[in-house]
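Q: Got a structure for you, questions after.
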Amino acid sequence: MPAFHTAGFVLAGGRSSRMGTDKSALLWDGTSLLARAVNVVHAATGSVIIVGHPAIRNTGSTPVIFDRIRGAGPLGGLHAALAWSSVPWNLIVACDMPLLDSKVLEAILERAHSQPECDAVIPVCDGAPQPLCAAYHRRALPAVEAALAAGTFKMMAAIEGLRISRIEMLSPAAFCNVNSPEDWNTLLSEKST
C-alpha cells in the first residue's frame, strides 16, 4: 500500500570501488540490483526516482536525478533527493540490498507518518543504524546542507542533530548490503544452500 505524501528514492550513484564493477547492475534472480530496489521502493511508496550519476543507463521509465554535490557519497544522494522533493516524507534506499522487501519499508513509513514531529526514521538492526534505508522529512535538508558545507560526509554524523525515531527491526538479512566481491559471493552461496 503506497504511503500518502511520500516519495521514494533509490541511491545508485556510488563508484562501486570496492566491488570493482557497477554493483547496481549485478543480477539477483535475473533482475539487476537497481531494478529490484526500484520495484521494492515503488511497491512501498507508489513512486520512485533514481538518484545516480550521468552514466546510469537502462532505467526504463524511472526518472533519474543527479547529485548536486559530486563526490559526497550517500549523503550527497540524500541531499539531491531532499532538494528535489516536494513532499514531506522521503524514503531513501541504497540499491545494494537484494534481500530488502516492501514490508520493511512500509513499517518505516508507518512510523514516519505516526510521528510527524520527527525529522527521520532510522531502522536499527542488531544495534546498527541503517541510514541508507530510512525515511527523512524534507525539513532535514538544512542539516544535510550544513554537514556537506562543513565537509562532513558520514550519514550518521550529518544527521545526529535531527529528531530521529529509531525503529527496531528483527530482520537483519533485509539490510544485508553488498560492497565487495566477497560480500556478493557469500550472499550467492547462502542463497544456493
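Derivation of every value follows stated rules applied to the coordinates shown; laboratory data play no part. Predicted model only: the values in this text are computed from it and were never measured. Heads up, the Cβs are rebuilt from the backbone with ideal geometry, glycines too, and the neighbour counts pull from every protein chain shown.
Q: How far apart, in nanometres, would the label points at ALA25 and ALA149 be if each is projected 7 angstrom from Cα along the Cα-to-Cβ direction?
A: According to this spin-label approximation, the distance is 3.8 nm.
Q: Hydropathy first: keep DSSP H helices in the chain averaging at least -0.5 on Kyte-Doolittle, then drop any whose Cα extent along the axis falls short of 15 Å, and list what survives. Could you put the intermediate results ahead of the total?
A: Values: long enough: 33-45 (18 Å, 1.19); 73-84 (17 Å, 0.83); 102-114 (18 Å, -0.02); 181-192 (16 Å, -1.26).
Correct list, ordered by number: 33-45, 73-84, 102-114.
Q: Let me ask something else. Counting Lys +1, Arg +1, Asp -1, Glu -1, what net charge surrounds SER165 among other residues with beta carbon under 12 Å of its beta carbon? Write out the running numbers ahead of the final one.
A: Details: positive: ARG111, ARG163, ARG166; negative: GLU110, GLU117, ASP119, GLU168.
For residues surrounding SER165, the net value is -1.
Q: Can you find, among ILE159, VAL51, SER180, the residue sitting farthest towards the positive end of the charge dipole of the chain, where Lys and Arg contribute +1 and Asp and Glu -1 at Cβ?
A: VAL51
Q: What's the Kirkwood radius of the range 35-125 in Å, using all Cα pairs? Mind dumping the intermediate values first?
A: Details: mean 1/r = 0.0712 Å⁻¹.
The Cα-based Kirkwood calculation yields 14.0 Å.
Q: Find how much the distance from ALA173 to VAL64 grows on full extension, using 0.36 nm per residue of separation minus their present alpha carbon separation; answer in nm with one decimal.
A: On the way: separation 109, 0.36 × 109 = 39.24 nm, distance 2.77 nm.
Length difference between fully extended and current span is 36.5 nm.
Q: Explain nothing, just the number: dipole magnitude of the range 70-193 about its Cα centre with +1 on each Lys and Arg Cβ and -1 on each Asp and Glu Cβ, in debye rounded to the nearest 20. Can you show the working numbers first?
A: Values: 9 positive and 13 negative charges, 74 e Å.
About 360 debye.
Q: Taking 30 Å as R0, compute the FRET efficiency from the Cβ-Cβ separation of ARG166 and VAL87 and round it to 0.05.
A: Using R0 = 30 Å, I get an efficiency of 0.85.
Q: Given contacts defined as C-alpha pairs under 8 Å and at least six residues apart, what's the relative contact order of the range 6-192, whole-number percent? Write out the running numbers ahead of the final one.
A: On the way: 353 pairs, mean separation 45.4, N = 187.
So the answer I get is 24 percent.
Q: Could you give the radius of gyration (one decimal) and Dmax (whole number) of the Cα atoms in the range 6-192, in Å?
A: 15.3, 45
Q: Find, among the GluC sites (Glu not before Pro) in the range 150-189, those assigned to loop by DSSP (not H, G, I, E, B) with at most 14 other beta-carbon atoms within 10 angstrom.
A: Values: sites: GLU160, GLU168, GLU182; in loops: GLU160.
Passing sites in the range 150-189 are GLU160.
Q: Rounded to the nearest 500, what is the chain's calculated 222 nm mean residue ellipticity when only DSSP H runs of at least 4 contribute -39500 (n - 2.57) each, over all residues? Can you show the working numbers first?
A: On the way: 6 runs with 64 residues, N = 193.
Per the formula, -10000 deg cm²/dmol.
Q: Still on this structure, I have one more. Suppose R0 equals 22 Å. What FRET efficiency, 1/(1 + (r/R0)^6) with r the Cβ-Cβ distance, do GLU110 and SER189 give to the nearest 0.05? Working shown, then result.
A: Details: r = 34 Å, r/R0 = 1.56.
After rounding to 0.05, the efficiency reads 0.05.
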